[in-house]
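Reviewing the structure listed below.
The values are calculated or read from the model by the stated rules, or taken from the named source; none is laboratory data. Note that the structure is predicted; figures quoted are calculated from it, not measured. Glycine gets a Cβ as well: all are built from the backbone with ideal geometry, and neighbour counts include every protein chain shown.
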Amino acid sequence: MSDAIPFISFLTDYGTDDEFVGVCHGVIATICPRARVIDVTHGIARHDVRAGAIALAEALPYLPAGVHLAVVDPGVGARRRAVALGLADGRRLVGPDNGLLWPAALAGGGVVEVAEITRSPFRLEPVSATFHGRDIFAPVAARLAAGVALAQTGDALEPAELVTLQLSGGRARIQDGALIAQVRGVDHFGNLQLDAGADDLAGIGLEVGRTATLQPAGGATYPLPYVRTFTDVGPGELLLYEDAQRRLAVAVSHGDAGLRLGSSRGDEIRIRRA
């Protein structure tokens, strides 16, 4: 056996008020006690597959190569498949086949192997109709971490049969001198994460240190300084900045941009140089 410590990342919408996360940790520890488990987040909004997919894909480049367990599963107990994926970069993903794993799979170079694990020989019996995280996903992830080949965890499936997920309805665009961007998500602080990067601002001639205007769809127009950090504006002021994922985001210093603007995921906003 290799001396390398096996690694599992873990992401869910379970929250931390109940025992669900701890129970899955216990299943993993029982099967593969050497595994190191890093909790990416368990704060994904309930049943929000898209938010889970974004979080997993954006975390993946900063996680050690290993097994990546993700469970946001509104279709649990229905006909959706449970899958384990082998990626081109050697990572393995485990979770429901509802699009949750797809963006992370692309970030890992694409899918080269798939096992359908609903009836995996490594699942816990009896299998609950509503807690596949405990009974299917965690046991399979632990077995993979322990060195079991992906092909042994279930029946082979063609990558083309997987459910895919497009993260954005449309890429940001320039129209009539304005950058029109879509809100990809709203984070814990109320910051609006946009489907645009700093390079998109070149199309409207906006540089750091200059002020733009922001107009939510059907809403009022607000002044929007384009700055590097939150401290470049006063408390309560709106700002445009490049976030940790090198995408544009709108925030309120010491406040909540989502509440201030009444914007949520999927909304369009218009940014124009002042």
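The set of residues from region 156-204 being over 24 Å from A107 (Cα atoms), over 24 Å from the mean Cα position of the chain (by Cα), of a type outside the set (S, T, N, Q) and assigned to a strand (DSSP E or B) comprises I174, A178, L179.
Among the residues of region 150-162, write down those that are within 26 Å of E58 (Cα to Cα) and surrounded by fewer than 16 Cβ atoms within 10 Å (Cβ to Cβ). Within region 150-162, E158, P159, A160, E161 qualify.
Before we move on, is A196 modelled with pLDDT under 95 and within 25 Å of I54 (Cβ to Cβ)? Against the criterion (modelled with pLDDT under 95 and within 25 Å of I54 (Cβ to Cβ)), A196 qualifies. Among the residues of region 113-134 satisfying the criterion of being in contact with an Asp or Glu (Cβ under 9 Å, 6 or more places away or on another chain) and farther than 18 Å from L85 by Cα, which is surrounded by the fewest Cβ atoms within 10 Å (Cβ to Cβ)? Selected residue: E125.
When A4 is tested against the conditions (1) among the hydrophobic types (A, V, I, L, M, F, W, C); (2) within 17 Å of L106 (Cβ to Cβ); (3) assigned to a loop (DSSP other than H, G, I, E, B), the lone failure is (2). The set of residues from region 35-51 being touching a residue at least 40 places away in the same chain (Cβ under 8 Å) and either within 20 Å of L144 (Cβ to Cβ) or part of a loop (DSSP other than H, G, I, E, B) (or both) comprises A35, G43. Of all residue pairs spaced 6 or more apart or on separate chains, those with beta-carbon atoms under 9 Å, a first member in region 19-33 that is within 16 Å of I5 (Cβ to Cβ) and a second member that is in a loop (DSSP other than H, G, I, E, B) are I28/A35; A29/A35; I31/F122; I31/A146; C32/P6; C32/A146; C32/G147.
Checking each residue in region 12-34 for being assigned to a loop (DSSP other than H, G, I, E, B) and crowded, with 21+ Cβ neighbours inside 10 Å picks out D13, Y14, C32. Of all the listed residues (R273, R265, R247), the sole one being farther than 30 Å from P61 by Cα, touching a residue at least 12 places away in the same chain (Cβ under 8 Å) and surrounded by 13 or more Cβ atoms within 10 Å (Cβ to Cβ) is R273.
Any residue in region 39-59 that is closer than 16 Å to A138 by Cα, touching a His at 6+ places or on another chain (Cβ under 8 Å) and not small (G, A, S)?
Scanning region 39-59, I find no residue that is closer than 16 Å to A138 by Cα, touching a His at 6+ places or on another chain (Cβ under 8 Å) and not small (G, A, S), so the answer is no.
Residues are listed down the side, and each one gets a yes or a no for (1) among the charged types (D, E, K, R); (2) exposed (fewer than 13 other Cβ atoms within 10 Å of the Cβ); (3) in the same structural domain as I269 (by TED's automatic domain parsing):
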site: L179; (1), (2), (3): no, no, yes
site: R184; (1), (2), (3): yes, no, yes
site: D200; (1), (2), (3): yes, no, yes
site: G203; (1), (2), (3): no, no, yes
site: P216; (1), (2), (3): no, no, yes
site: Y222; (1), (2), (3): no, no, yes
site: V227; (1), (2), (3): no, no, yes
site: T231; (1), (2), (3): no, yes, yes
site: G234; (1), (2), (3): no, yes, yes
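Within region 68-112, the residues that satisfy the criterion of being of a type in the set (V, I, T) and either in contact with an Asp or Glu (Cβ under 7 Å, 6 or more places away or on another chain) or not assigned by TED's automatic domain parsing to the domain that holds I38 (or both) are V72, V83. Is one or more of the residues making up region 119-139 assigned to a strand (DSSP E or B) and assigned by TED's automatic domain parsing to the domain that holds D155? No, region 119-139 has no match at all.
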